[in-house]
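To start, the structure itself, in structure tokens.
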Amino acid sequence: MNNSFDSTYIIRKERFDEFLADIEGLALTAYTVPAFTALELYLLIDMNRDIAVRVVWKPETTVKEIKGLDAKWFLEEY
């Protein structure tokens, strides 16, 4: 875990399984984060339709791979 880092994504609840499939192979783990634990998440999230997911990346995952995922989930899908 010392050689990894994490990212937080806000995604639609109904797309959670699809998101997990997209990060498979790139991440060590992913887990939901209660939005009320962080003010910035609480202000960004629609509690009725969205969830916050923290992704812990594998050390060998490249920035290019993460940017590809970001492009899909931030620019195309969400």
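The values are calculated or read from the model by the stated rules, or taken from the named source; none is laboratory data. Since we're looking at a predicted model, the values are computed, not measured. Counting neighbours? That spans all protein chains shown, and the Cβs are built from the backbone with ideal geometry, glycine included.
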Mind listing whichever residues of the stretch 28-41 are under 20 Å from residue 14 (Cα atoms) and at pLDDT 90 or above? 29, 30, 31, 32
Reported set for the stretch 42-78 where residues are surrounded by 13 or more Cβ atoms within 10 Å (Cβ to Cβ), at pLDDT below 90 and among the hydroxyl-bearing types (Ser, Thr, Tyr) is 42
Just to verify a result, which residue in the stretch 18-41, among those that are over 12 Å from the mean Cα position of the chain (by Cα) and closer than 18 Å to residue 74 by Cα, is surrounded by the most Cβ atoms within 10 Å (Cβ to Cβ)? 41
Tell me which residues, restricted to the stretch 1-58, are among the hydrophobic types (A, V, I, L, M, F, W, C) and part of a helix (DSSP H, G or I). 16, 19, 20, 21, 23, 35, 36, 39, 41, 43, 44
So which residues in the stretch 22-78 are among the small types (Gly, Ala, Ser) and touching a Pro at 6+ places or on another chain (Cβ under 9 Å)? 52
If I ask for residues that are surrounded by 14 or more Cβ atoms within 10 Å (Cβ to Cβ), within 13 Å of residue 66 (Cβ to Cβ) and more than 9 Å from the chain's Cα centre (by Cα), which ones from the stretch 2-17 would you list? 4
